[in-house]
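Visitor: Have a look at the structure that comes next, please.
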Amino acid sequence: MRYAENPLLSYTFEVPFDAIRAEHVEPAVDTLLARARARLRELRESTGPRTYANTLGVLDAATEELEHAMAVVGHLEAASTTPALREAYNAVQPKVSEFYAGISLDGELYRALKEFSQTGEAKALDPARARFLKQTLEDFRRNGAELDAEQKARVEKISVELSRLTTQYSQNLLDATNAFEVVIDDESRLAGLPPSAIESARENAAAHGVTGFRFTLQQPSYVAVLTYADDSALREQLYRAFNTRATVAPYDNRPLIADILRLRREKSEILGFANFADLNLEDRMAKTGARAQQFVSQLRESTRSFFEQENAQLTEFKAELEGNEPGRVVATDQALSPWDVSYYAEKLRKARYDFDEEALRPYFSVDGVLEGMFTLVSRIYGVRTERRTNVPTYHPDVRYYSVLDESGQEIGAFYADLYPREDKRGGAWMGDFITGLPGGHHHKHLGVMCANASPPIGGKPALLTHQDVETLFHEFGHLLHHLLGRAQVRSLAGTRVAWDFVELPSMIMENFCWERSVLDFFARHYETHLPIPDALLEKLQRTRTFRAANMQMRQLGLASVDLSLHIDYDPQRDGDVIAYARAIAQQHTPAGLPADFAMIAGFGHLFSSPVGYAAGYYSYKWAEVLEADAFSRFVDAGVLSREVGAAFQASVLSRGNEEDPMELYKNFMGREPSPAALLRRAGLVEPAAAQS
């Protein structure tokens, strides 16, 4: 296959999505692997004096084209997969994993880097490049460069096997999710559901050639049923299906989980670490698994009493609705089933605050939300976003935007893929395709943001929930971290930061969705164009602390499951991994979990990639402490302060990993973070403490 015939080899700024086919994947990856190996061979065999250019410079650039191609292929496999593409991706993934695992195990590369570290040039490097040298040497050591040949071979084999197993896990989860449907022909069973959910289910059924109303495990469909459907049996059916996904052949993830955990532990022990968490967190802010567990435990203790109060209130509310005597104490696990919690919580929220989240949908058309988001970042960061329609994409729903600085120069671009499809995995995520560098092959950044928000229905524009809006702002925060990067070293650029720091730019964006001054940019009724009425906005803002302890305990429960699996779990002592995880989750859940509850079989954050959020799910809460604290500076300056935006951009968004993340944080705030702002915002402090 000639170079020009394979679009994955073009490495143009705008990805030729309209030309990429499954048959391009393996030849392209084989070619790019060969090129990368050749560049590393030159580094290894160089006989001249060791310099930054012929060591770290080569190492930083050697894999650039391969990373780009794999990012594109991996994204397509996640967002627009086909059987042929999946087969091609599965064919190349082990080769690529083996290649990357081999880099840090290469003794000659390690020797060359250590030789350079002793030179005068190395000792005089600027701070960013000096950090790159230090971190690279630590990465080689941590990943096995000092092991003997037999140990290196085993680590390399484990890395390849982990890549295969986690890819299979991800594909099983997607297939199991898509395999489930409930088609209802009796419309009376849909009582309680908002009209938007009913119309969406009707259109979904028609699109699949069936009559009636089709419900799936895709987030918009699943959440609507669990939150609003009066039919308890329907809620139970979807709840059980969702929490037992990928536990039945041919999509059974349970044996894969056991194998993944075993291999992660074995790899960690070979590399000299007590467990996978210690291996994974050494270069993160928490540093050790024990420190991460301590952080989670401290937050749990600050939350537990509020959690118990909330659950008692919900139990009593349910009893009152059912005609029982007010004030009667009933054990939570007897009074509530897990498929009842969201349903009765929504009814309690309506009763307490006279607030229906569906009343906000008309004010959040997707185009309005995006334009408002772009207006916000223009105000606080000075960048302009423009949609372009002459760029090829991989699906008609996908949009393309250019990002320009204050001088009008394009600094980057991104794709936006917002709606669910059956060939697309669930959740929301951001990815980077190109990291631009001054003087590099590319000087602009290219990324992508994905969501699974409520799609257009019934001839209306896509109307979002407030939670959908928060999700879009969150993922755009990650994109800004990438697009506004000014790092001089590719490996330290953009979102290539400590995993427990990477959520700061994304989470801080969510705060703006609650501010009237920001909502006025975009929250307009799609028919009348009027802003959200003050009374409705006040109701929304009052709900921000509603069941905040439950939301926090849910996140802490997921983090506890994750850390326990990667630190404490011993299959010989603790038995079945599903039951082990369920017992931990139960401690953080307001209702008794079913015996077949198997959430971790669908916990893609932990098991859909060799590392991902494994031993790192606590990062969401860690970063939430950072962002709640940091956003207080925006609030103190009036939320839309260009001065504070410029400071955050200069201290955090533009710097990537050029400096220790705690130092970057202190550069912005002038001090270390405190959890007090998070607890106050969530209402998880006693009244006297809240006033102090």
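The values are calculated or read from the model by the stated rules, or taken from the named source; none is laboratory data. Since the model is a prediction, treat every value here as computed from it, not as a measurement. We place every Cβ from the backbone using ideal geometry, glycine too, and count neighbours over all the protein chains shown. With ligands, DNA and RNA removed, areas are computed over all heavy atoms of the protein, side chains included. Shrake-Rupley method; radii C 1.70, N 1.55, O 1.52, S 1.80 Å.
Visitor: Given the criterion of a type in the set (Val, Ile, Thr) and more than 22 Å from Gly427 (Cβ to Cβ), identify the matching residue among Thr589, Thr528.
Guide: Sole residue among the options that is of a type in the set (Val, Ile, Thr) and more than 22 Å from Gly427 (Cβ to Cβ): Thr528.
Visitor: Restricting the range 598-616 to residues that are assigned to a loop (DSSP other than H, G, I, E, B) and open to solvent by less than 20 Å² (accessible area, probe 1.4 Å), which is modelled with the lowest pLDDT?
Guide: Applying the filter and picking the extreme gives Gly612.
Visitor: Could I ask something else about it? Being farther than 21 Å from Ser80 by Cβ, in contact (Cβ under 8 Å) with a residue 60 or more places away in the chain and open to solvent by 50 Å² or more (accessible area, probe 1.4 Å) is the filter here, so list the residues in the range 1-44 that pass it.
Guide: Asp30, Arg37, Arg44
Visitor: If we keep just the residues of the range 59-85 that are assigned to a helix (DSSP H, G or I) and open to solvent by 40 Å² or more (accessible area, probe 1.4 Å), which is farthest from Ser170 (Cα to Cα)?
Guide: Only one residue tops the list, namely Ala61.
Visitor: Next question. Is the range 26-41 home to any residue that is of a type in the set (Val, Ile, Thr), within 30 Å of Asp175 (Cα to Cα) and part of a helix (DSSP H, G or I)?
Guide: Among the residues of the range 26-41, at least one is of a type in the set (Val, Ile, Thr), within 30 Å of Asp175 (Cα to Cα) and part of a helix (DSSP H, G or I), which makes the answer yes.
Visitor: Looking at the range 629-692, what helices (runs of 4 or more DSSP H) fall wholly within it and have at least 3 residues that are modelled with pLDDT of 95 or more?
Guide: Fully inside the range 629-692 and qualifying: 642-648, 661-669.
Visitor: Starting from the range 90-115, take each residue that is more than 19 Å from Ile270 (Cβ to Cβ) and part of a helix (DSSP H, G or I) and list its partners that are among the polar types (S, T, N, Q) and open to solvent by 20 Å² or more (accessible area, probe 1.4 Å), counting only C-beta distances under 9 angstrom and pairs at least six apart or across chains.
Guide: Asn90/Gln168; Ala112/Ser46; Ala112/Asn54
Visitor: Just checking, does the range 501-515 include any residue being open to solvent by 10 Å² or more (accessible area, probe 1.4 Å), in contact with a Ser or Thr (Cβ under 8 Å, 6 or more places away or on another chain) and β-branched (Val, Ile, Thr)?
Guide: Within the range 501-515, one or more residues are open to solvent by 10 Å² or more (accessible area, probe 1.4 Å), in contact with a Ser or Thr (Cβ under 8 Å, 6 or more places away or on another chain) and β-branched (Val, Ile, Thr).
Visitor: When you scan the range 164-181, do you find a residue that is of a type in the set (Lys, Arg) and under 30 Å from Tyr110 (Cα atoms), even just one?
Guide: yes
Visitor: Taking the criterion of being more than 30 Å from Phe276 (Cα to Cα) and of a type in the set (A, V, I, L, M), would at least one residue in the range 611-629 satisfy it?
Guide: no
Visitor: Tell me yes or no: at least one residue of the range 191-202 is touching a residue at least 60 places away in the same chain (Cβ under 8 Å), closer than 30 Å to Val611 by Cα and touching a helix residue (DSSP H, G or I) at 6+ places or on another chain (Cβ under 9 Å).
Guide: No, the conditions are met nowhere in the range 191-202.
Visitor: Go through the range 565-589 and give me each residue that's open to solvent by less than 20 Å² (accessible area, probe 1.4 Å) and part of a loop (DSSP other than H, G, I, E, B).
Guide: If the condition is that a residue be open to solvent by less than 20 Å² (accessible area, probe 1.4 Å) and part of a loop (DSSP other than H, G, I, E, B), then His588 is the only one that fits.
Visitor: Checking Glu538 against (1) open to solvent by 10 Å² or more (accessible area, probe 1.4 Å); (2) touching a strand residue (DSSP E or B) at 6+ places or on another chain (Cβ under 8 Å), which test does it fail?
Guide: Condition not satisfied by Glu538: (2).
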